[in-house]
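The following block contains the structure, expressed as structure tokens.
Read-outs throughout are calculated quantities, based only on the coordinates presented, and are distinct from any laboratory measurement. Note that the structure is predicted; figures quoted are calculated from it, not measured. Virtual Cβ from ideal backbone geometry, glycine too; neighbours counted across all protein chains shown.
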Amino acid sequence: GNVTTKSIEIANINKEAPKITIEPYNKDWTNKNVVVKAKTNKGVLNKESHTFTENGSFTFTATDEAGNTASKTVKVTNIDKTKPSLSLSASTTNPTNQNVTITAKASDNESGVDKIILPDGKTGTSYTVSKNGVYEFKAYDKVGNVTTKSIEIANINKEAPIITIEPYETEWTNKDIT
């Protein structure tokens, strides 16, 4: 009936995956790179920070000494480095003795259009001109990307025609005068 009892301590089992914490990063619209940093409570990260130069995803992975892994994917969708599009059109391209209105249309598929600057420095989408010339417009998106475009107006003519009378016979005559 003799019994021998022996205990052994097992302390090398680790089935708990590391925890990854993503530090706060810029989530507002920007035309700059976005840097995302990560930390882990144990083990080693595949990368401690990732610089996004364009929108996309990156997966941080932590591996501890027991081979447990954890992953966390960060998706960035707030980078806008693309200039807005800008189109200009004149109300008429036919010869005219009237003012011409130039209409500006801008679009931006990312952060959106903020404003259009007219040739006089004011904001708006149409500009009326009374004389020929080259007129410059600027379109800005919400993060400061800018597109500059010019249009030449060359069809305005407000000068009345000049009629010149050639010398003719002004003395009394009984003949036709041309």
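Most mobile of LYS138, LYS47, LYS105 per a Gaussian network model of the chain (Cα springs, under 10 Å)?
The residue that fluctuates most here is LYS47.
Please compare each pair in LYS27/LYS115; LYS115/LYS138; LYS19/LYS42; LYS47/LYS72; LYS42/LYS75; LYS32/LYS138 to a cut-off of 18 Å on the Cα-Cα distance and tell me which ones are over it. Present the calculation step by step, with values, prior to reporting the outcome.
Values: LYS27/LYS115 22 Å; LYS115/LYS138 8 Å; LYS19/LYS42 7 Å; LYS47/LYS72 12 Å; LYS42/LYS75 23 Å; LYS32/LYS138 21 Å.
LYS27/LYS115; LYS42/LYS75; LYS32/LYS138, as the Cα separations exceed 18 Å there.
Next question. Mean-square fluctuation check for the chain, GNM, Cα pairs under 10 Å: which of ILE116, ILE22, ILE13 is largest?
Result for the chain, Cα springs under 10 Å: ILE13 fluctuates most.
Ok, one more. Tell me the Kirkwood hydrodynamic radius of the chain in angstroms, computed as one over the mean inverse distance between distinct C-alpha pairs.
Kirkwood hydrodynamic radius for the chain: 23.4 Å.
Would you please classify the overall shape of the stretch 33-130 from the alpha carbon gyration tensor, given that a ≥ b ≥ c denote the square roots of the eigenvalues, rounded means a/c under 1.5, and beyond that prolate means a/b larger than b/c while oblate covers the rest?
Values: a/c = 7.64, a/b = 5.21, b/c = 1.47.
Prolate, because a/c is 1.5 or more and a/b exceeds b/c.
Treating only the Cβ atoms of Lys and Arg (+1) and Asp and Glu (-1) as charged, compute the dipole magnitude of the stretch 1-92 about its Cα centre; round to the nearest 20 debye.
Dipole of the stretch 1-92, to the nearest 20 debye: 140 debye.
If you don't mind, another one. Might you report the magnitude of the Cβ-based charge dipole of the stretch 32-175 about its Cα centre, with Lys and Arg at +1 and Asp and Glu at -1, to the nearest 20 debye? Walk me through the numbers on the way to the answer.
Numbers: 18 positive and 16 negative charges, 183 e Å.
In total the dipole reaches around 880 debye.
Where is the GNM fluctuation largest for the chain (alpha-carbon springs, 10 angstrom cutoff): LEU45, LEU86, LEU118?
Comparing LEU45, LEU86, LEU118 in a Gaussian network model of the chain, the most mobile one is LEU45.
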